[in-house]
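Undergrad: Dropping a structure here in structure tokens format, bear with me for questions.
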Amino acid sequence: MEDSGFKQREREREREREMGGGGAAKGWLGQMGFTKSGGNINWFPGHMAAATRAIRQRLKLSDLVIEVRDARIPLSSANQDLQPMLSGKRRVIALNKQDLANRNLMHRWISYFNSRKQECLPINAHSRSSVHKEVMTREPTLLVMVLGVPNVGKSALINSIHQIALSRFPVQEKMKKARVGPLPGVTQDIAGFKIAHRPSVYVLDSPGVLVPTIPDIETGLKLALAGSVKDSVVGEERIAQYLLAVLNTRGTPLQWKHLVDRETKDPDHELENKPECIIKDLQNKGKKPMNKSNAYRVQDMVSEVQRTLCISLSEFSGSLEDESDLEILIEHQFEVLQKALKIPHKASEARIMVSKKFLTLFRTGKLGPVILDDVPGPSDSVS
């Protein structure tokens, strides 16, 4: 493998990354064949209609709205149906999961929202220091409503606000902790919590709701990739194919060139046949610390996945802007990922297993920080 091949493709993608990372990925990936093969997608479960009506009623009473969005999809994670009502309210847009987003692009998003006179704060809802710095420095408000699409971290943010409020204001009674989970749909109804007394501060936590009709399939795929739509609704394989399409068209695997000739330093840390326990450790992130042995195995697995994708893209002779060529590349990458992830060749559900493990690595930030949305240009009309 020659360095000139890497350098040529790196130069081709460098400008795309500077422009926001979308490049060829923008606009047409959602129309690729794999997005149509799984049938129609029902984005809007029945319970969301009632929840949306309840949110509209509570919004009228709220003094401040904290709209939580996923920092990896600052536009795609906005509920467009609620934007007209939100535009007339005092609002803060909290870009949560900033630790999973590309920091080099975050300042551009903050500038974008500021240019539209929308207050925007990047946060990590599970970090009290982050929430204290960005949210709790504001004056207490009588009634605060926290809303957003599913699984963006609304309840986690409320819990952090409450813990901080305990140290600042006396409370009359203990607040019931908001339920937090890794899957969308944990909060099923609007719940109110009193987080402070003298002055009294109440927070309303709302269930995550999507719009009845998502305008384009790619926005839906981004929401699914970020975890705002249950995998079973879209299909893990379809989501993983979309992720590979995005990474390839952005040239992301070429940034992992340094891993191509790298060998595992300690053979005792090789994956062996234990990928399942590693994935479970990642999915339970934050509940208990990962032991040192599994931490090594995770890093080895991530490096092997990155190395495999880098080689497959660098050896690809087709055009990334040609749908058929890109689909051929993705199909090949599924095969090499199966080997990298130590999934038996005879496994009847091999493609699903590859998809689930690959998506877990992405969602836990092991493949690196990323922002899937592109910063709109001056002529783009979006909320």
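Computed from the coordinates by the stated procedures, all read-outs in this text should not be read as laboratory data. Bear in mind that the values here come from a model prediction, so they are computed numbers and not experimental data. Note that we place each Cβ from the backbone using ideal geometry, even for glycine, and neighbour counts take in every protein chain shown.
Undergrad: Cross-link list 230/356; 342/366; 194/222; 222/342; 154/357: which exceed 23 angstrom alpha carbon to alpha carbon? All intermediate terms of the calculation are to be shown ahead of the outcome.
TA: Details: 230/356 12 Å; 342/366 17 Å; 194/222 34 Å; 222/342 27 Å; 154/357 26 Å.
Going by Cα-Cα distance, 194/222; 222/342; 154/357 fall outside the 23 Å limit.
Undergrad: Ok, one more. Under 20 Å from a label point 7 Å along Cα→Cβ of residue 232: give me every residue in the range 335-366 with its amide N that close.
TA: Once the point is set 7 Å along Cα→Cβ of residue 232, 349-360 turn out to lie under 20 Å by backbone N, inside the range 335-366.
Undergrad: Here's something else I'd like to know. On average over all directions, what projected area in square nanometres does the range 84-134 have, based on the convex hull of its Cα atoms? Write down the numbers at each step before the final one.
TA: Numbers: hull surface 16.2 nm².
About 4.1 nm², averaged over all directions.
Undergrad: Assuming R0 = 25 Å, can you tell me the calculated FRET efficiency for the pair residue 117 and residue 53, based on Cβ-Cβ distance, to the nearest 0.05? Could the numbers behind the result be given before it?
TA: On the way: r = 29 Å, r/R0 = 1.14.
Result of the calculation: an efficiency of 0.30.
Undergrad: Each label point is 7 Å from the Cα along the Cα-to-Cβ direction; what then is the distance between the points at residue 90 and residue 345, in nm?
TA: Computed distance between label sites residue 90 and residue 345 equals 6.6 nm.
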